[in-house]
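Notes to accompany the following structure.
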Amino acid sequence: MARLNRKAAFRRPARGLSTLEMVMVLPILLFVMALMINFGTAAAWKVRSLCVARDAVWRTQWPRTGQNDPAPEYWQPPATMSTENAGNIDVLDDPLLDHPVVRGPLPQGLDPRRWLLDPSRGLRRGKSYLERPYALLAKMGGFTFDVSHDLLDDCWQYQRMGLHGTVQRRIPTLYVLAKAGSSYVQAYLAAVSTIVVALDDPDLAPLDRDEESIAYGRRFGWGCHYARDFHPYMNGFCQLPTDSVGELLDDYVDKVEGEYEVDEQGHVIRDVPSVPEEMAGWFIGLFERVIQTLRYEIDSLPPPANRTPEQNAVASGNAAEIAALERRIERLQQFLQTLKRPHGVDHFDRDQT
């Protein structure tokens, strides 16, 4: 019992120790919280720096320049953003990039222009730079971010190859083609010159500039350019094999001279109208429409007994014009009958042309 009394005598009251402990730990807690805030702030600005660098290079991707694009509101001087050319990529670990189609060698002396098909060219770099003090604990100084983002921008757009559109052939641009002999060049130039000069031949005017059709269009209010284009056009193609091109040429010849085929039972299985057939049929329709209009004008006049001399002149003129047009329609119909060919008969042998 005496021993317990002695221990109790040495005890001190614990009242007030928690306050002391809080006072001692509070600076450490505040310091740790300040470090957390500083780290979070720096991390947020790190992300913004990355975004600005990406924005700087992507907004200048060809054909954009980014000159009129303002900087983000949160990215104000002295913070900077810029772009620069970063050269080329030294190594691209993809065996497909060394394919002969883009690297050569190719048969028959066909050499690719490697600088056009080089996927390692045109590296651009967007940059952002930022210096900023810490939000808390100013004596720690500040943080600096110098961020860059690279973009491979040398895509193979047709404009950058000097082409006028996506339908223009890329082969002469991408590859160094063998030059044709001088005789072929002269023959080609002569053919082109003949075609260009032929376009101004007055005998070809009815194909798309027929004066009579235009005059009827203006006279009856059908349009001041009432004339159809009868020129046959070849379908576009992107293949060079002889068989494919030959089929397209055959189809084009059919459009020019026409094609008429029947089966063993005499049923028509293919009837491609020629240019003369299309023109004759269209002019028959034109003249029939004119005749209908002229007859409507006559029917719109008063009865013959009540007409004025001027109205009688109109009726007589229309009747004479209708008779002339009917004779022309008859001649065109007779002409159409001469264009229908029996099976197997062609205007010329294409294999020898």
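Where a number appears in this text, it was derived from the coordinates with a stated rule and is not lab data. All figures in this text were calculated on a predicted structure; none of them were measured in a lab. As a convention, Cβ positions derive from the backbone with ideal geometry for all residues, glycine included, and neighbour counts pool all protein chains shown.
Assorted remarks:
- Using a cutoff of 8 angstrom between alpha carbon atoms and counting only pairs six or more residues apart, the relative contact order for the chain works out to 11 percent.
- Exposure proxy ranking for 136, 96, based on other Cβ atoms within 10 angstrom of each Cβ and starting from the fewest, stands as 96, 136.
- Contact order relative to length of region 34-174, as percent, for alpha carbon pairs under 8 angstrom and 6 or more apart: 30
- Value at 222 nm in deg cm²/dmol, rounded to 500, when DSSP H runs of n ≥ 4 in the chain each add -39,500 (n - 2.57): -15000 deg cm²/dmol
- Packing here is the average count of other Cβ atoms within 10 Å per residue, and on that basis the peptides 125-131, 66-72, highest first, run 125-131, 66-72.
- Using alpha-carbon coordinates, inclination of helix 309-339 to the longest axis of the chain, degrees: 80
- Simple label model, 7 Å out from Cα along Cβ direction - residue 156 to residue 201, nm: 4.2
- Exposure proxy ranking, count of Cβ atoms within 10 Å, fewest first, for 216, 158: 158, 216
- Pairwise FRET efficiency - residue 108 versus residue 186, Cβ, R0 = 30 Å, nearest 0.05: 0.85
- Both numbers refer to the Cα atoms of region 34-174; Rg and Dmax are 21.5, 74 Å.
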